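**Q** Below you will find the structure I want to go over with you.
Throughout, read-outs are computed from the coordinates displayed, never taken from laboratory work. Just so it is clear, the structure is predicted and the values come from calculations on it, not from any experiment. As a convention, Cβ positions derive from the backbone with ideal geometry for all residues, glycine included, and neighbour counts pool all protein chains shown.
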Amino acid sequence: MVYLDTNVLIYATIEQDIEKKKQSIDIIEQLVTSNELVLSPLVMQEYIFTLSKLKVDRAIIEHDTEFYFNFVAENYTKSMLKDALSLCLAESNCKNINDVLHMKLATQYASKLLTFDSDFKKLQKYTSISIEIL
């Protein structure tokens, strides 16, 4: 299974960067076809928030989230959140707690995490899964 960070879904939806949009759509289509896509409730929460903040049309938000909900794994647990907090406190960087939580969720449900966010590079040492920066 492959866990997608929120930014992959965002780039697939908005018209900000044509190359990233094409790459994101290709990745999502490939993962859906191979039945390897996994998302989390946190990804969906961030996706909905970001699209709303960017004033994306409500119909697009409804349509796209309805599709992506088919690939959402179970919710994260309190222990996962506590582990993420401990790690970000140890790194003195809790502004990235969502990234740490994404890594924890990906570790639980996937063998790879894909993202455009280079901040994930520093998390690789804390997980056994592959983190690929696109």
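**Q** Enter the angle in degrees (range 0 to 90, nearest 10) between the Cα long axis of helix 97-109 and the first principal axis of the Cα atoms of the chain, meaning the one along which they spread out most.
**A** Once rounded, the angle reads 90 degrees.
**Q** I would also like to ask the following. log10 I(q)/I(0), Debye, Cα-only segment 1-128, no solvent, q = 0.20 Å⁻¹?
**A** -1.21
**Q** Measuring from label point to label point, each 7 Å out along Cα→Cβ, what is the CYS94 to SER118 span in nm?
**A** Calculated label separation equals 2.8 nm.
**Q** Could you tell me the calculated FRET efficiency between SER34 and LYS55, based on Cβ-Cβ distance and R0 = 25 angstrom, to the nearest 0.05?
**A** On the way: r = 33 Å, r/R0 = 1.34.
Here the calculated transfer efficiency is 0.15.
**Q** Counting other C-beta atoms within 10 Å, which of PHE49, PHE71, PHE116 has the fewest, and how do the rest follow? Kindly include the intermediate steps, with their values, before the conclusion.
**A** Working: PHE49 11, PHE71 20, PHE116 17.
Fewest to most other Cβ atoms nearby, the residues stand as PHE49, PHE116, PHE71.
**Q** Here's something else I'd like to know. Could you state the angle between the C-alpha long axis of helix 78-90 and the longest principal axis of the C-alpha atoms of the chain, as a value from 0 to 90 degrees rounded to the nearest 10?
**A** The answer is roughly 70 degrees.
**Q** Another one. Would you mind ranking HIS63, HIS102 by Cβ crowding within 10 Å, fewest neighbours first? Working shown, then result.
**A** Working: HIS63 11, HIS102 27.
Ranking HIS63, HIS102 by Cβ neighbours within 10 Å, fewest first, gives HIS63, HIS102.
**Q** Sorted by packing (mean other beta-carbon atoms within 10 Å per residue), highest first, where do 33-40, 11-18 land?
**A** Working: 33-40: 16.9, 11-18: 14.8.
In decreasing order of mean packing, 33-40, 11-18 become 33-40, 11-18.
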